[in-house]
Structure formats: structure tokens, C-alpha cells
1. Could you go through the range A:94-111 and let me know if any residue there is in contact (Cβ under 8 Å) with a residue 12 or more places away in the chain, over 30 Å from residue A:222 (Cα atoms) and either among the β-branched types (Val, Ile, Thr) or not in a helix (DSSP H, G or I) (or both).
2. Taking the stated definitions as given, is residue A:62 within 16 Å of ligand 1 (Cβ to nearest atom), among the β-branched types (Val, Ile, Thr) and over 21 Å from residue A:217 (Cβ atoms)?
3. All but one of (1) open to solvent by 70 Å² or more (accessible area, probe 1.4 Å); (2) touching a Ser or Thr at 6+ places or on another chain (Cβ under 8 Å); (3) more than 16 Å from ligand 1 (Cβ to nearest atom) hold for residue A:261; state the number of the condition that does not hold.
4. Given the conditions (1) within 16 Å of ligand 2 (Cβ to nearest atom); (2) open to solvent by 50 Å² or more (accessible area, probe 1.4 Å), report the number of the one that residue B:191 does not fulfil.
5. Which ones in the range A:30-44 are in a loop (DSSP other than H, G, I, E, B) and surrounded by 20 or more Cβ atoms within 10 Å (Cβ to Cβ)?
6. Check whether at least one residue in the range A:373-391 is within 16 Å of ligand 1 (Cβ to nearest atom), out of contact with any His (no Cβ under 6 Å at 6 or more places or on another chain) and closer than 17 Å to residue A:296 by Cα, and report yes or no.
7. Kindly evaluate residue A:107 against the criterion of being closer than 18 Å to residue A:342 by Cβ and surrounded by 19 or more Cβ atoms within 10 Å (Cβ to Cβ).
8. Scan the range A:126-148 and give yes if some residue there is among the small types (Gly, Ala, Ser), touching a Gly at 6+ places or on another chain (Cβ under 8 Å) and more than 30 Å from residue A:73 (Cα to Cα), otherwise no.
Amino acid sequence: MSFPWANQYKPKNPVMQWVDERLPLPRLVYNATGAGYPVPRNLNYFWNFGVLSGAALVIQIITGIVLAMHYYASVDGAFNSVEHIMRNVNSGWLIRYAHMNGASFFFIVVYIHIFRGLFYGSYKAPREMAWLLGVVIYLLMMATGFMGYVLPWGQMSYWGAQVITGFFSAIPIVGEPLRQWLLGGFAPDQATLSRFFSLHYLLPFVIAGVIILHIWSIHIPGSSNPTGVSVKGEEDTVPFHPYYTAKDGFGLGVFLIFFVIMAFFLPNAMGHPDNYIQANPLSTPAHIVPEWYYLPFYAILKAFTVDFAIPFTGIVIMPAKLMGVLALFGSILLLFFLPWLDTSPVRSGHYRPLFRKFFWFGLIPTVLVLGVCGAMPAEPMWVMLSQIASAYYFAHFLIILPIVSRIEKPLPLPGSITEAVTGKPLKAATA
Amino acid sequence: MATSKKSGGSAKKPAKKAAAKKPAAKKAAVKKTSAKKAASKKAAPKKVAVKKAAPVKAAPAGVAVGEPHPGAQEPRRRDFINIAAVSFAGVGAATVVIPLVSQMSASADVLALSSIEVDVSAIEPGQSIKTVWRKQPIFIRNLTDKEIAEANDVDVSSLRDPQTLEERTQPGKENWLITLGVCTHLGCVPLGAAAGEIKGEYGGYFCPCHGSQFDTAARIRKGPAPTNLEVPEEITFKSDTIVQIG
Ligand code: HEM
Ligand code: FES
């Protein structure tokens, strides 16, 4: 499971020895995130974002449990209970702002973590399982974030729930019954709010469980690294503790500084003012937008405005609504197939000249443009821009990556991680 | 360390299995266990252990519990007990799922709110009101003659969801257009029912969420909504001014 040169756990303290013989939990931690886990010596700061994601989850769980002590999941009381937390509960404002901004920061660090994986080819063998579990975590996060946003029962909460559960009504035949089943009625109401609260409390713990599997699966081959070259000898690695505990600790400090700046000074910058208006089932806000981290997907949804039909016959093969919803789900589910779409044996984008161009000048701008389009009203210019960007998004993964993998001539790889870092070949390799 | 663990594990397993099954072939079982013991004493325990374990693994699935006896195809009485017990548990588990799933559907009180009566006497031609039915907005619109004419001028076959105004209103009450105020795209409330709201390119309703445009018969004309605004199935005019929905 680990490299043969990994440090062994040898507790000196008799209490720890006693514990180790009965329940080797300290040993597990030592081998997973302590001196017993050898890690490539050349990880850059992009490798901090896994630990930062974990820290964000911990922040969400702690602040969330406290909020749940004061929150009241009723259509009449929810909105007021949130105001009560903000005005009356001691330090309530701090806890709530930390939870609100914590969600945004969770997505920020996970997005960087995902794009790290996309650039450095972390999804490739032998780490496919870590990638697949990562996509599962991401889906769970989206569900959790969506249901959490419904809880304050503001205008955006209500209409977000209406629009997103509306996705399901696009499914032929079973769609509408399915939507009513999810809502527990014909429109979002008490039944919806209660079940969303229950699930919003549950899912983060499910995420925590999947993260354990995610990390377990990475620890089998060991972490990848910016060169993408596999570890070849002891010289290529350093023990996780103290080297990366220190580096991650520093990263965590920087992360927390940004986090508290937002939570203290710009707490509502990433939210929407309409959510401070209590839900009104009879009036849709002029412009419904989801939270910023869903915007690119919302743009893909909105890009489909014309039915897919046989020209001049009026026979509709697939209505625009269904296509939009399928594209939205497809754009995420696509990531499950990525390890098999990108067939290049070279992992790191550093050594892939063509891949790198499409990454920086294709994928990244496309996702940013989709994010902007998602926030814009359904005007012709924005719709057209989202159509172009959506087309590129799918083409990037389904057409460009497979072709690039085939025709690209990668740059020469360094002989080892040590050679990439020091310029001198690995001792073990020469011996 | 890893090596010793592996060989230890694979040597133990068949031994346990052999001990577990009882009368059928006691002799064979004893032989197997002793063979295993002998093997693990030898110099290269790992290789031998794997070799000996192989025939056990290769045995047909049905006899996984017992030893690989040659008549493996014949059903045994124990197979019957296994299948019966597992099926019983399976049916039980499936039955429990039914209430767990159905509890999420609309509850009795939600379904009970399904009929309303509205007095429409105060709605002048060209005006409309919003009211609530089953917790969903309802638009009741008194169409002007011009709006009726516009709706009837459209070539129905050119529509995404072909329907005439007549099909969408009650006989003799063509001016009363009663629809759900729920966009058939993703469920926003379209604009156009309240005074001063924009009615969109076709003079009916406009959904601000993703830009669906509805005409004066609330039929979808442009944008992502797949169908016309829904007309509730049960609409009855109790009198000229009282309408019952649901
Ligand atoms: C709650 C969210 C997540 C947490 C807490 C988390 C945690 C971690 C941690 C601690 C690591 C090891 C350190 C590192 O390489 O940064 C890691 C690695 C990894 N994660 Fe995540 N992760 C999360 C979400 C995701 C998502 C959404 C994806 C992709 C869709 C993903 C893909 C990966 C991959 C491929 C690796 C292996 C990277 C390598 O070693 O090169 N993770 N994750
Ligand atoms: S909900 Fe009306 S256009 Fe999307």
C-alpha cells in the first residue's frame, strides 16, 4: 500500500503502545497523513487544495450544527429564525456569515482542486478511482449546497427550488410525478422545506465518508506530482509529516485570511440581495440566478432554446427543455468518462504542448464565459454566447481531448522527480 | 511484512472453509487442512499456498460453502433453504421500501386543498388577476376582442403545442382565459397578469427566467418552454361571475 521505505510507526510512549495494540487508530493516522506517508518532494501549492477542501468541510459542519440549534424549518418561521440568528443569537451573525461564505470558499477550493487534476492529469491511471470518487463528492456537494440555500426561505431560495426541481419535469412521462414526489406537493412548501433540512444535515456526513474512500484510493499509488512522473526511489519522496503538514498548514493560514476577510467585511458579496426578501409563491423575482458556483451549468441549461426537430415536418424529436436538462447533467457526468477520453500516457500538462493550449485558451475561458452568461438575463446576445461556449465545453472533452491525445508529440519527460528538481539523476536509478 | 500477511491469509481461508462444512466429505476436508499445514511449513509458503487454493476458488459458485464435490450440478436441500431464506428477506426489504418512498409524495392535507371558487365580476376586459390553487398561482384573464382575434388569427399547425383558443376556454366563455401561472419550462411565474407587467412579444405572458413568450391564448410561441401554460382540467362556471377551479 505504501512505498517500502515508508517510516514505521513505533510509539515510544507506553500509553500509545497500549492503544496501538488494542486499536491501531494512531497508526492509521500516522500512515495516512503523518511521517509514514511518503509524498513526492516536488508538490506545488496546487496540491494544498485537497486539504483545504477538507478544512472547508469541517468549517461547514461545525457552523452548520450551531445554526441548526437556532434555525426553525417552517415556511412561516424559517425566514424569521434566520433573522433571529442574525440579530438576537449571541455571535449568531458570525456563525451564519461563516457558513454562507464557507460554502462559497468550499466551492472555490474544490474548483481549484478539480482544475489542478485536469491540468496535471491526476485522473489518469492509476488514480482513476480517486477521480471518480471526486466527481461523486462534487455531485453531493452540489446537492447539499442547493438544499442549504433553500433553508432561509427567501425569494431566491423558493424560486431556486422551483426551477431546479422543475428540471425533473422535463423527463418524459415520469417527470411531473417525480417532481411532485421530490417536492411533496405541487409547488415548494412545508414538505419540501422539512425534507431539504433533513437531507442538508445528512449529506455532509456522507461527503465525509466518501472523502475517506477518496483519500484511501490516492494512498494506494501515492500522490501524483507536477511532473506526472511516477516515484522511482526513496530520494523522490519526503515524509508527509513534517514536510507537507507544514506546507498545508501555511496554505491553511492563507486560506483562512481570505475567508475571514470575506466573512467579516464582504459577507454578502457572494450572495444575492433578493434572498433577504421572504419567499412569495406568487411572484417570481425579475431575474432568478443560482449561487455563483452553479452559474456555468445554468448557462448550459439556458443555451437550449430551440427544439430538436426534423426540419419542415414539425416532428419534435426532443424538446428544448429536455435537451437543456440533459446537457446540464451531461456536462458533469461527462467527467466520469474523462480518464478514458484522454488517452495520452503523459499526465502533466507541462509536457503536453497542444493539450496545454486547449486547456488555457479553450477550457478555462469557456468555463468563465459560461459563468458570466449564467448570471445574465435571457437576451439574444447572451444566449448565443452560451450556445457557443456550451458547444466548446462538450467538444473539448468529447472531441478535442481524444484527438489531441492521439496526434500530440509530448515533450521529453525528466528521468525522475529528483532529476526534475535537482538536475541530477536519481541515485537509485544509476546504481 | 506484507508478504507474510498474504501467505498467512490465503493458507487460513481454505482451512476454515474446510472446517465449516460437515458430514459430506469429512475425509477430504481433513486431507486438505493437513496439506495446507504441510505446505506452510515448506520453504516457499506463498507459492504453494496459492497453488493449492486455486482448485477451491475454481469450484462452481453453487458450492462455495461446501467442498468441490463432483456432483456439484445436483441441487442440494441446503440450496433450497438458502434461496428461500434470501428471497424471503429480499421481499421483506422491498416491502419496507414502499412506505419509505411513498411518504415523500404529497400528503393528504396538500391534496385536500384542491378546489376553489373565484368571483370574477370585477375583472374588466384586458385585466387579469392572480389567485392560488393547490399552492400554485392561477391567472384568470378577461380577454379583449382584439386579443381574441389575435389568438384566432394564428395558424395553429405552426405552433409548438397546437391548440386553438376555443380548446383552451369554456364554451361560450371564450374571453375567460384561465391558466396556471406556472411556466412550463421550469416553473417560474410569468409576467403579464398584474397591471404594468410586460406581456412579451405576443401580448400574452412573458417568463423572465429564461425568456419564454406566450400569446394571448397563453400558448408558447418562443423560448424554451415546451408546452402552453396549463389550463386546469376542471373549470366550471357556477354562474356568469363565479367560477370553480378543481
Ligand atoms: C470535499 C471535497 C474534496 C476533498 C475534501 C478532497 C480531498 C483530497 C485530498 C486531501 C487529496 C490529497 C491531497 C491533494 O492532492 O490535494 C485529494 C486528491 C485528489 N482529489 Fe480530492 N477532494 C475533494 C474533492 C475532489 C473532487 C470534486 C475531485 C474531482 C472531481 C477530486 C479529485 C482528486 C484527485 C484526482 C486527487 C489525486 C490528486 C493527486 O494526488 O495528484 N477531489 N483530494
Ligand atoms: S421557467 Fe419560464 S422560461 Fe424557464
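1. yes
2. Spelling it out, residue A:62 is indeed within 16 Å of ligand 1 (Cβ to nearest atom), among the β-branched types (Val, Ile, Thr) and over 21 Å from residue A:217 (Cβ atoms).
3. It fails just one condition, (2).
4. Among (1) within 16 Å of ligand 2 (Cβ to nearest atom); (2) open to solvent by 50 Å² or more (accessible area, probe 1.4 Å), residue B:191 violates only (2).
5. A:37
6. So far as the range A:373-391 goes, no, none of its residues is within 16 Å of ligand 1 (Cβ to nearest atom), out of contact with any His (no Cβ under 6 Å at 6 or more places or on another chain) and closer than 17 Å to residue A:296 by Cα.
7. Criteria not met by residue A:107.
8. Looking for residues that are among the small types (Gly, Ala, Ser), touching a Gly at 6+ places or on another chain (Cβ under 8 Å) and more than 30 Å from residue A:73 (Cα to Cα), one finds at least one in the range A:126-148, hence yes.
The values are calculated or read from the model by the stated rules, or taken from the named source; none is laboratory data. The shown structure was predicted, so the numbers you read here are calculated from the model rather than taken from an experiment. Don't worry about glycine lacking a Cβ; one is built from the backbone with ideal geometry, like all the others, and counts go over all protein chains shown. These accessible areas exclude ligands, DNA and RNA; they are computed on the full protein's heavy atoms, side chains included. Shrake-Rupley method; radii C 1.70, N 1.55, O 1.52, S 1.80 Å.
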